[in-house]
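Colleague: The following block contains the structure, expressed as structure tokens.
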Amino acid sequence: MEDGWSSVCIGANVDIQRTDGRIHSAVVSGVNVETKSVTVEWFEKGETKGKEVELDAIFMLNPDLARNIPKDVINASKVVTRQSVSVAPQSNKGSIRSRQSYARAPVQNGHGNMGPPPVPPPPVAVNNHNSAQNQIVPPQNQQGTVPALRRRSNVVKEVERLKKNREERRARQAEQKAEKQELMNLDPGNPNWEFLAMIREYRASLDFKPLCENDVLDDRQILVCVRKRPLNKKELIRKEVDVVTVPNRELAIIHEPKLKVDLTKFLENQIFRFDCAFDETANNELVYRFTAQPLLQTIFDGGMATCFAYGQTGSGKTHNMREIGRAHV
């Protein structure tokens, strides 16, 4: 290892400064002589982190390490680059000559800022159309000094990648939260708004073609029909969810809300097929035409027919039979 690097070795404890201004100790895990930098690691929040720090920053925060370096190394590290430009007359090829000179920075009381000499930036050629000469102007910052070139380490790139992923994840979470709030506003105060939103989304993907009076009657010996009962007033007051969908004349879909092991809510859709399916908008006239009316014609022709309704209590059996009988008897 070169002179001046013996005080900064692998395993040494040094103080470093974070990008947010915090200063804490870290362990040197690698030394890069070519780039005049060291790699440090520390343990934070249950995980090991690391970064690459330039040598002058290490000496600035750790003056004890700078005292162990010989004076000739200190004087050699105090060489400051000063760039002078000489402009030659413009030739046919437009060649420009430039030279560099070095000046020593003043040392106070035999001590100064430790670290290797900064690398001068490449000159930038400026073409002035109003003059007959081309000048080489080095890039400068707001203070008028030439900034040192810094090499982006793999640790910095990894931190930027993690920062980008975190910002994208937060943006997705904000979008999901906005969508959730919008769905809650559709049914304010409804504790089952999530299942209701799932049912609405499923129904939006269906092609509805309900049974109408112009549809053709099926000539069958046995006919099985189902009629959907709409929600009553008590159910609406309790904000219960309509879990039955009749998209066409043959299908009835039951939406069953369920929970996964991790308490994630999902919807299981069970499809049932019938000879005739009446939705909540179907009236008694339509029900009579497709169920009881063909049976009466069979009886008048000397045959035998039976019509009965079955279902759980409160499903509307009496309502259907009584209303049909009053309208057509």
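Colleague: Note the full-extension length gain between LEU231 and ASN192 as 0.36 nm times their separation in residues minus their Cα-Cα distance, in nm to one decimal.
Modeller: Going from the current span to full extension adds 12.5 nm.
Colleague: List the residues, sorted by chain then number, that are 5 or more residues from LYS51 or on another chain and whose placed amide H is less than 5 Å from its amide H.
Modeller: HN-HN under 5 Å from LYS51: VAL40.
Colleague: May I pose another question? With the crude spin-label approximation of a point 7 Å out along Cα→Cβ, what separation in nm comes out for PHE43 versus MET60?
Modeller: 3.0 nm
Colleague: Taking a ≥ b ≥ c as the square roots of the Cα gyration tensor eigenvalues, with a/c under 1.5 meaning rounded and otherwise prolate when a/b beats b/c, else oblate, which class fits the range 236-280?
Modeller: The shape class here is oblate.
Colleague: What residues qualify as long-range amide H neighbours of ASP275, i.e. H under 5 Å apart, gap of 5 or more or another chain, H built at 1.01 Å from N?
Modeller: Answer set, sorted by chain and number: VAL224.
Colleague: What pairs from LYS163/LYS260; LYS177/LYS239; LYS36/LYS163; LYS180/LYS239 go past 21 Å between their alpha carbons? Mind showing how you got there, number by number?
Modeller: Working: LYS163/LYS260 32 Å; LYS177/LYS239 23 Å; LYS36/LYS163 27 Å; LYS180/LYS239 19 Å.
As for pairs spanning more than 21 Å Cα to Cα, those are LYS163/LYS260; LYS177/LYS239; LYS36/LYS163.
Colleague: Setting aside same-chain residues fewer than 8 positions from LYS317, which lysines have a Cα under 21 Å from its Cα?
Modeller: Straight-distance partners of LYS317: LYS228, LYS233, LYS234.
Colleague: With every protein chain left in place, what is the accessible area per residue of the range 197-329 in square angstrom, probe 1.4 Å?
Modeller: It amounts to 72 Å² per residue over the range 197-329.
Colleague: What part of the accessible area of the range 209-329, given as a whole %, is carbon or sulfur when the probe is 1.4 angstrom?
Modeller: 55 percent
The values are calculated or read from the model by the stated rules, or taken from the named source; none is laboratory data. Every value quoted in this text rests on a predicted model; they were computed, and no experiment measured them. Ideal geometry is used to build each Cβ from the backbone, glycine not excepted, and the neighbour counts take in all protein chains shown. SASA here: full protein model, heavy atoms, side chains in, ligands and nucleic acids out. Shrake-Rupley method; radii C 1.70, N 1.55, O 1.52, S 1.80 Å.
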